[in-house]
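Enquirer: Before I ask anything, let me first share the structure, which is written out below as structure tokens.
The values are calculated or read from the model by the stated rules, or taken from the named source; none is laboratory data. Keep in mind that what you see is a predicted model, and the values were worked out from it rather than measured. Cβ placement follows ideal geometry from the backbone for every residue including glycine, while neighbour counts extend to all protein chains displayed. SASA here: full protein model, heavy atoms, side chains in, ligands and nucleic acids out. Shrake-Rupley method; radii C 1.70, N 1.55, O 1.52, S 1.80 Å.
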Amino acid sequence: MGHSFSMRRAVGIEDVNARASAAQTDAMIRIADRALRAGAAGVSLGLDYAPGSGLAEIDAMAAIAAEYGRCLPVHTRLFTQNDLYSLYEMLAAAKRSGGRLLLSHFVYQYSGFGTLRPALDVVDAARAKGMDVWMDSGMYTDWATYAGTATFDEQTIKDNSLRFGDMVAATGKYTGTRLNRELYELLRHKYPDESIICYSGEPYEIYEALQKPYAMMSTDAGAYAPGEGHPQIAGSYPRFLRKMVREKRLLGLEEAVYKCTLLPAQTYHIPGKGVLEPGYDADLVLFDRDAVRDNAKMPDKGEPDAPPDGIPYVMVNGVFAVDDGVFQNTRSGSVIRY
């Protein structure tokens, strides 16, 4: 159940910078409680998108997730990319709740300004003290989100020394176009639901994060129209296997597969997933370890949704979703309820 868009809007908070009242926080607790009783996997926070969220609000969401033994995935808030306040904030909330914290797309949150290694040290220290903390991360440091969100507020851009020339439109009529001030203003005010990619970070930080034993793979991607979007939606997992296993040899094949399958299943306590055992769901990916390769590119450099090489078959619940490299448009998956 999403907090920072869904629940805040449901209780009447329209201003992303507004603090929830005690009555509104109580109403959000009731919404989360209904969702968790109905089978939601957890409560997710997108604090970067609702910077007005206060500590009482965050603590309430952490507490209700912990009460049900569910996960709390968090896109931490952004002040600047060279501070760790957002990380300390969430670790403190998780400590107070005693629940499980998942720090989402970690490299996007803490890369590019020399903060990744200190951030990993902080997480290591928290886990050493017994905290139930995990993280997911992807294979790109160049992040994307909607043009109209608080992430692209002009003050945030200034505070983080970001430049319009390091941004590219990822969706809509301007896909593949580098931004300048004029295009930035146009997207912000006329096309706020279009996505922008911001080039930042250092590639080595990806590898440092994903070598951690508590780190699992993720994409941080949603649905895009054909020919649009961030290459992570098509390229993340084949890129992970190509770079970290085959080329750089930073992970063994078994550990890499574990980070894509069983580790997330265990983190969310998802039954029937993550291993090949009798009685488990027949979700299978057959790939050629020597040929698997991502072909997706940034939208100003190529096709962001180009399919990968070396993955001829994908099976979901025993039905081929990809057969001989061709997507079948089958819908054999099912909603997972707790």
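Enquirer: Quick one: would you say ALA18 is without any contact (Cβ under 8 Å) to a residue 40 or more places away in the chain, over 13 Å from HIS3 (Cα atoms) and outside any helix (DSSP H, G or I)?
Expert: On the way: without any contact (Cβ under 8 Å) to a residue 40 or more places away in the chain: yes; over 13 Å from HIS3 (Cα atoms): yes; outside any helix (DSSP H, G or I): yes.
So ALA18 passes the test.
Enquirer: Answer with yes or no whether ARG246 is surrounded by fewer than 20 Cβ atoms within 10 Å (Cβ to Cβ) and in a helix (DSSP H, G or I).
Expert: Values: surrounded by fewer than 20 Cβ atoms within 10 Å (Cβ to Cβ): yes; in a helix (DSSP H, G or I): yes.
Against the criterion (surrounded by fewer than 20 Cβ atoms within 10 Å (Cβ to Cβ) and in a helix (DSSP H, G or I)), ARG246 qualifies.
Enquirer: Within the range 5-27, track down each residue that is small (Gly, Ala, Ser), more than 20 Å from ALA38 (Cβ to Cβ) and surrounded by 14 or more Cβ atoms within 10 Å (Cβ to Cβ).
Expert: Result: ALA18, ALA20, SER21.
Enquirer: Can you spot a residue in the range 35-55 that is in contact with a Pro (Cβ under 9 Å, 6 or more places away or on another chain), open to solvent by less than 40 Å² (accessible area, probe 1.4 Å), closer than 19 Å to ASP15 by Cβ and not in a loop (DSSP other than H, G, I, E, B)?
Expert: Yes, the conditions are met somewhere in the range 35-55.
Enquirer: Working only within the range 271-326, note down all residues that are among the small types (Gly, Ala, Ser) and part of a strand (DSSP E or B).
Expert: ALA321
Enquirer: From the set of residues in the range 132-161 that are open to solvent by 20 Å² or more (accessible area, probe 1.4 Å), under 21 Å from the mean Cα position of the chain (by Cα) and free of Cβ contacts under 8 Å to residues at least 60 places away in the same chain, which is farthest from ALA50 (Cα to Cα)?
Expert: ASP132
Enquirer: Also, I was wondering about something else. Does PHE240 meet the test of being of a type in the set (Phe, Trp, Tyr) and touching a helix residue (DSSP H, G or I) at 6+ places or on another chain (Cβ under 8 Å)?
Expert: Spelling it out, PHE240 is indeed of a type in the set (Phe, Trp, Tyr) and touching a helix residue (DSSP H, G or I) at 6+ places or on another chain (Cβ under 8 Å).
Enquirer: Follow-up. Given (1) outside any loop (DSSP other than H, G, I, E, B); (2) of a type outside the set (Ser, Thr, Tyr); (3) farther than 26 Å from ILE197 by Cα, identify the lone condition not met by MET131.
Expert: Evaluating MET131 over (1) outside any loop (DSSP other than H, G, I, E, B); (2) of a type outside the set (Ser, Thr, Tyr); (3) farther than 26 Å from ILE197 by Cα leaves (1) as the failure.
Enquirer: Would you mind stating whether LEU241 is without any contact (Cβ under 8 Å) to a residue 24 or more places away in the chain and either buried (at least 19 other Cβ atoms within 10 Å of the Cβ) or within 23 Å of the chain's Cα centre (by Cα) (or both)?
Expert: No, not satisfied.
Enquirer: Out of THR156, THR177, THR149, THR171, which single residue is over 30 Å from LYS243 (Cα atoms) and out of contact with any helix residue (DSSP H, G or I) (no Cβ under 6 Å at 6 or more places or on another chain)?
Expert: Among THR156, THR177, THR149, THR171, only THR156 is over 30 Å from LYS243 (Cα atoms) and out of contact with any helix residue (DSSP H, G or I) (no Cβ under 6 Å at 6 or more places or on another chain).
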